[in-house]
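Working notes, beginning with the structure itself.
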Amino acid sequence: MTDIQEAKKKASWDSPETRKNLARRQRSERLFRNIGLSAIIIALCMLATLLVSIAGKGYSAFVQTRFTIDITFSEEVIDPKGERDEEVLRAASYGSLVRDALRQEFPQVTSRRDLRPLFGIVSKGAAAQLREMVMENPDLIGQTLPVQLVASDDMDMFNKGFIDRNVVEEDRRVKDREIAWFDQLDQKGAVETVFNTDFFVSGDSREPEIAGIWGAMVGSFYTLMVTFFISFPIGVMTAIYLEEFAPQNKFTDIIEVNINNLAAVPSIVFGLLGLALFLNVAHLPRSAPVVGGLTLALMTLPTIIIAARAAIRAVPDSIRQGALGLGASPQQTAFHHVLPLSMPGILTGTIIGLSQALGETAPLLMIGMVAFIVDIPGGFTDPATVLPVQIFLWADSPERAFVEKTSGAILVLLGFLIFMNALAVLLRKKFERRW
Amino acid sequence: MLAEVQPPETSEHPAIISAKEVSVYYSDKKALNAVSLDIGENQITSLIGPSGCGKSTFLRCLNRMNDTVPGCRVEGKITLDGHDIYASSVDEVLLRARVGMVFQKPNPFPKSIYDNVAYGPRIHGLAKNKDELDDIVLTSLEKAGLLKEVRDRLNATGTGLSGGQQQRLCIARALAVQPDIILMDEPCSALDPIATAKVEELIEELRENYTIIIVTHSMQQAARISQKTAFFHLGEIVEVGDTEQLFTSPSDERTQGYITGRFG
Ligand SMILES: Nc1ncnc2c1ncn2[C@@H]1O[C@H](COP(=O)(O)OP(=O)(O)OP(=O)(O)O)[C@@H](O)[C@H]1O
Ligand SMILES: [Mg+2]
């Protein structure tokens with residue numbers, strides 16, 4: 001007894017021992033704080049590096065080089081019979097309009113050897129550009145007016161400074177004579193760098209200068225719609241059943257363990273499952289958003305179920321008891337009270353699951369969504385690709401100009417992901433409840 | 001022993017609820033052991049006893065809230081107006097509309113005050129139109145003594161009220177379903193003395209039209225508001241009788257010990 005009291009006295013505030021202990025504790029707390037802080041700083045640095053490098057490479061994808069060239073919409077070439085028949089207008093050789101215009105612009109070029117590269121300074125999409133103009137407004141026929149033609153990818157790269165004119169000619173994709181033509185146009189003020197609407201409104205193309213991500217965006221949209229409408233109701237119903245109605249027994253335990261494991265299964269396995277189930281057994285169309293959506297729904301389901309269960313579990317039992325005590329049936333309790341109260345959490349989980357699905361590539365490769373698709377998908381069964389797969393495809397393309405497209409598409413994808421996650425945060429903030 | 005503590009039959013308060021030999025098990029653990037109790041109509045019956053003695057368990061038997069507890073099993077017979085409430089023909093959801101419940105912690109729904117009170121009538125279809133519903137909500141709030149305080153903010157959320165107001169809102173919510181019996185599990189334990197006094201006053205007023213069974217840890221509260229008191233101990237009813245008699249001259253020494261503060 002006295003020993004203890006004595007020991008207590010010694011361990012009072014001021015004893016050297018206490019001070020030593022205190023110093024040690026404070027040191028370890030400082031150390032821990034610093035470690036945590038540096039971890040965050042390192043993470044932020046990495047994120048910043050990533051963003052800066054992607055943005056640095058990708059921002060140029062959002063602008064496009066155009067040459068303003070006088071085009072003569074000659075009636076002879078477009079519509080020799082003068083009937084203005086749509087079919088005739090569509091089938092006309094607009095390429096020759098472009099070629100004629102270029103010959104006029106550069107009268108000094110005459111040899112066959114030089115003409116080919118000359119015609120190559122504008123994009124192969126230029127003809128289509130003219131066709132569209134004429135189809136929209138047939139009155140153009142017979143007129144001559146300046147048109148901004150999309151430059152070829154090499155000219156575009158040169159204009160954006162990715163090709164250095166000081167490099168020896170053999171090592172340079174853009175040859176001296178092309179640079180001369182460019183300079184000639186530039187002196188005239190005919191070279192313009194404009195916002196690249198093509199990038200946002202057109203589908204994929206073999207020509208990088210006119211390749212766009214709209215097709216992939218629409219494909220992603222349809223795919224995510226399918227994913228959402230399959231996985232959300234099923235996931236929420238499963239969660240409600242498991243949390244509110246299912247008896248606690250071995251069987252539900254097994255289901256629970258399996259759902260948790262499913263969330264950890266590599267996504268490519270879901271792709272294989274989709275391939276076996278939806279393509280080989282159900283014979284759904286290949287490369288279609290419906291199959292991609294179903295496959296991603298399989299992958300997203302566990303995420304939604306787990307998030308929804310957590311949200312449902314977070315609803316205090318007193319609310320359930322209050323409702324039951326008033327004579328609400330278990331079903332009314334679940335749907336009138338528990339579900340609305342857990343909805344913010346469920347939606348947050350769903351959006352996180354969907355943004356995972358939006359960024360997913362591997363399972364879609366398994367079900368053939370990796371095809372080169374030019375047309376904008378018009379529905380759930382049209383062949384389509386999605387944003388991350390588009391990035392994958394472009395990253396795989398050899399042309400220099402696809403590098404910036406890849407980064408540009410990544411930026412767009414990141415934009416969507418940030419938007420979705422911000423939405424999730426917003427929803428959570430907005431509907432946060434006090435009990 | 002149980003036979004001798006049967007309450008004296010009072011002619012003016014015929015038993016509306018009668019529990020006979022009720023035993024409750026949570027999984028294998030026995031929480032109530034052969035409890036018998038008659039509850040008189042339009043009376044306030046208080047259940048007292050040390051923590052864990054089974055008061056809440058018994059209360060939850062009376063509106064079958066125990067059915068929602070996994071692993072809980074009820075034996076014995078409980079009749080309401082002579083009908084066995086555990087009979088297979090009885091729907092527990094309808095039973096709970098007749099036997100309302102107010103909980104220890106005020107648990108208003110995170111909705112408007114109006115919707116809190118209107119919820120019960122809505123799910124039971126008690127109002128034919130909006131006017132009738134308004135009427136039920138206002139009378140219930142009035143009966144719960146809350147109307148004055150919330151009349152001009154019926155659309156404010158119920159969780160924004162003070163603790164005592166929330167508890168009265170929960171009482172109003174229970175009243176709106178027009179039950180015959182109201183079970184209250186320590187309704188004042190989370191409230192300050194002033195709010196407690198208000199709720200107590202309200203309970204006394206409600207006695208005219210309702211049968212009230214209240215669990216309380218406050219002997220003074222039991223003495224103040226109830227006509228009959230049952231003392232629970234270790235899952236059994238040790239003594240039950242008129243409140244005044246039980247508090248002044250308890251016949252069992254455990255009751256004596258509890259009310260004089262020697263244990264519990
Ligand atoms: N859901 C449950 N599952 C398992 N055991 C329970 C459950 N609820 C109560 N019990 C047990 O039953 C016994 C009686 O509990 P009860 O809640 O009825 O006590 P009480 O008299 O209301 O106590 P208190 O005054 O503290 O509220 C206790 O031993 C408790 O541990
Ligand atoms: Mg209790």
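The values are calculated or read from the model by the stated rules, or taken from the named source; none is laboratory data. Not measured: the values here are computed from a predicted model. Cβ coordinates were reconstructed from backbone atoms using ideal geometry, including for glycine residues, and neighbour counts include every protein chain displayed. Accessible surface is based on the protein model in full, side chains and every heavy atom, while ligands, DNA and RNA are left aside. Shrake-Rupley method; radii C 1.70, N 1.55, O 1.52, S 1.80 Å.
So the values come out like this:
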quantity	calculated
Selected residue (only one of B:I194, B:I212 is away from ligand 2 (no atom under 16 Å from the Cβ), of a type in the set (A, V, I, L, M), assigned to a helix (DSSP H, G or I) and more than 14 Å from chain A (Cβ to nearest Cβ))	B:I194
Near pairs, Cβ below 7 angstrom, 6+ apart or cross-chain, from the range B:65-88 (in a loop (DSSP other than H, G, I, E, B)) to any residue that is more than 12 Å from ligand 1 (Cβ to nearest atom) and of a type in the set (K, R)	B:I85/B:R64
Qualifying positions in the range A:54-95 - out of contact with any helix residue (DSSP H, G or I) (no Cβ under 9 Å at 6 or more places or on another chain) and assigned to a loop (DSSP other than H, G, I, E, B)	A:E83, A:D85
Filter result for the condition that a residue is within 8 Å of ligand 1 (Cβ to nearest atom) and either closer than 27 Å to B:L202 by Cα or open to solvent by 50 Å² or more (accessible area, probe 1.4 Å) (or both), over B:G82, B:G40, B:G71, B:G49	B:G49
Meets criteria (closer than 30 Å to A:E399 by Cβ and not assigned by TED's automatic domain parsing to the domain that holds A:F416) for A:V201	yes
Residues that are more than 8 Å from chain B (Cβ to nearest Cβ) and not small (G, A, S), drawn from the range A:331-350	A:Q331, A:T333, A:F335, A:V338, A:L339, A:P340, A:M343, A:P344, A:I346, A:L347, A:T348, A:T350
Single match in B:V199, B:V238 (criterion: farther than 29 Å from B:E142 by Cα and either within 16 Å of ligand 2 (Cβ to nearest atom) or buried (at least 16 other Cβ atoms within 10 Å of the Cβ) (or both))	B:V238
Single match in A:L393, A:L365, A:L341 (criterion: open to solvent by 50 Å² or more (accessible area, probe 1.4 Å) and either of a type in the set (A, V, I, L, M, F, W, C) or not in a helix (DSSP H, G or I) (or both))	A:L365
Residue identified as in contact with a strand residue (DSSP E or B) (Cβ under 7 Å, 6 or more places away or on another chain) and not hydroxyl-bearing (S, T, Y) among B:I85, B:I113	B:I85
Subset of the range A:233-252 [at pLDDT 90 or above, open to solvent by 70 Å² or more (accessible area, probe 1.4 Å) and either among the charged types (D, E, K, R) or outside any helix (DSSP H, G or I) (or both)]	A:K250
Residues satisfying the stated conditions in the range B:218-246, i.e. part of a loop (DSSP other than H, G, I, E, B) and either more than 15 Å from ligand 1 (Cβ to nearest atom) or touching a Pro at 6+ places or on another chain (Cβ under 9 Å) (or both)	B:S226, B:Q227, B:L234
Contacts under 8 angstrom Cβ, first residue in the range A:313-328 being more than 7 Å from every other protein chain (Cβ to nearest Cβ), partner charged (D, E, K, R) and surrounded by 24 or more Cβ atoms within 10 Å (Cβ to Cβ), 6 or more apart	none
Conditions (1) within 9 Å of chain A (Cβ to nearest Cβ); (2) crowded, with 17+ Cβ neighbours inside 10 Å; number of the one not met by B:L94	(2)
Scan of the range A:169-211 for residues that are within 17 Å of A:F67 (Cβ to Cβ), surrounded by 15 or more Cβ atoms within 10 Å (Cβ to Cβ) and among the aromatic types (F, W, Y), ordered by number	A:W181, A:F182
Those residues of the range B:93-141 which are in a strand (DSSP E or B) and within 16 Å of ligand 2 (Cβ to nearest atom), in sequence order	B:M101, B:V102
Verdict on B:E132 being open to solvent by 40 Å² or more (accessible area, probe 1.4 Å) and within 16 Å of ligand 1 (Cβ to nearest atom)	no
Considering residues of the range B:21-53 that are away from ligand 2 (no atom under 16 Å from the Cβ) and part of a loop (DSSP other than H, G, I, E, B) only, the residue nearest to the other protein chains (Cβ to nearest Cβ)	B:S27
Close pairs (7 angstrom Cβ cut-off, 6 or more residues apart or separate chains): among the β-branched types (V, I, T) in the range B:179-205, open to solvent by 60 Å² or more (accessible area, probe 1.4 Å) anywhere	B:I181/B:R98
Those helices (runs of 4 or more DSSP H) lying entirely in the range A:107-213 with at least 1 residues within 32 Å of the chain's Cα centre (by Cα) and not charged (D, E, K, R)	A:125-136, A:153-159, A:197-201
